[in-house]
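These notes concern the structure reproduced below.
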Amino acid sequence: LSLSSIGNAGIPLVDGNYTPNVMEDYRFIIKDMQSESPSGRVVIMKGAPGTGKTHLVRAMLLEVPDAMFVLISPDAVKNLAGPQLLPLLMNYRGATTGPIVLILEDADKCLVSRGSDRDDISSIQAILNLGDGILGSLLDLRIVATTNASEFVIDSAILRPGRLSKMLDVGVLDPLTAQKIYHRLLPSSHFPVEINGSTHPKNFKVTLAEVYALARKNGWAPPIRVAKEAEKEPEEDWDD
């Protein structure tokens, strides 16, 4: 079982890229992440591809800087409750003193209601044990699981109070939010609300990624990465 740190992937959060409801839930999650006694150790982010779930995860890295964020393959989740986890995580922690946050992207099979598939059962049991079990508390583990699935039944045990911190539904953008984002990127332009063949707000469905893609197409470019200068060693005074 190998672990991959994503500690250098942090990016600043742009509040205006999300609806007020999403930002309210996100702030609750951050507060829970920073707490020694969270309301739950499992966070679920759901939404269509391109809605900005990964950006929210990356923003967490800067907002909870004392945590160790580790990317876990959903296929390996069933092994997480095994005896190899404790020494592995303890040795991998390094100098971090905050919680250990396990990131599970595309974690549908780790969340779906248990059926007869033994792997699915093992994955969900691992989530439950780490979510509020002794091991999760001992290591101060937190779990952030993302899913693109629009319809599936999440196992009721995961949603139990005390285990679930927050279910964050990122969702598509409404016309007003999409227009604000687009106008911020290209101040002289307005996002066309008829992008999906309809001008009716109820039929308007666009993702954050689509807004940025259209802005790029029409001339917007992201800021150029500025290389940080290496810190110079202080010059030493040598006695003759």
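Descriptive notes on the structure:
- Scanning region 148-172 for residues that are at pLDDT below 90 and open to solvent by less than 10 Å² (accessible area, probe 1.4 Å) yields Asp155, Ile158.
One line per residue, one yes/no per condition, for (1) closer than 19 Å to Ile29 by Cβ; (2) in contact with a helix residue (DSSP H, G or I) (Cβ under 9 Å, 6 or more places away or on another chain); (3) not small (Gly, Ala, Ser):
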{"position": "Asp132", "(1), (2), (3)": "yes, no, yes"}
{"position": "Ser137", "(1), (2), (3)": "yes, no, no"}
{"position": "Thr146", "(1), (2), (3)": "yes, yes, yes"}
{"position": "Ser156", "(1), (2), (3)": "no, no, no"}
{"position": "Met167", "(1), (2), (3)": "yes, yes, yes"}
{"position": "Gly171", "(1), (2), (3)": "yes, yes, no"}
{"position": "Tyr182", "(1), (2), (3)": "no, yes, yes"}
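- Some residue of region 125-132 being among the charged types (D, E, K, R), over 19 Å from Leu71 (Cα atoms) and surrounded by fewer than 17 Cβ atoms within 10 Å (Cβ to Cβ): no
- Residue list for region 206-240, filter: among the aliphatic types (A, V, I, L, M), part of a loop (DSSP other than H, G, I, E, B) and modelled with pLDDT under 90: Ile224, Val226, Ala227, Ala230
- Some residue of region 23-44 being over 27 Å from Leu138 (Cα atoms) and at pLDDT 95 or above: yes
- Pairs, first more than 14 Å from Ile143 (Cβ to Cβ) and free of Cβ contacts under 8 Å to residues at least 24 places away in the same chain in region 157-186, second of a type outside the set (Ser, Thr, Tyr) and open to solvent by 20 Å² or more (accessible area, probe 1.4 Å), C-beta under 8 Å, six or more apart: Gln179/His190; Gln179/Val193; His183/His190
- The numbered conditions (1) part of a loop (DSSP other than H, G, I, E, B); (2) of a type outside the set (Gly, Ala, Ser); (3) modelled with pLDDT of 85 or more; (4) open to solvent by less than 30 Å² (accessible area, probe 1.4 Å) are all true for Tyr182 except (1).
- Residues that are in a helix (DSSP H, G or I) and of a type in the set (S, T, N, Q) within region 6-61 comprise Asn17, Asn21, Gln34, Thr54, listed in sequence order.
- Residues in region 81-112 that are closer than 19 Å to Gly40 by Cα and at pLDDT below 70: Ala81 only.
- Cβ-Cβ under 7 Å pairs, at least 6 apart or on other chains, region 9-36 side hydroxyl-bearing (Ser, Thr, Tyr), far side modelled with pLDDT of 90 or more and part of a loop (DSSP other than H, G, I, E, B): Tyr18/Gly52
The values are calculated or read from the model by the stated rules, or taken from the named source; none is laboratory data. These figures come from a predicted structure and were not determined experimentally. Neighbour counts run over all protein chains shown; Cβ positions are idealised from the backbone, glycine included. Accessible surface areas use protein heavy atoms only, side chains included; no ligands, DNA or RNA. Shrake-Rupley method; radii C 1.70, N 1.55, O 1.52, S 1.80 Å.
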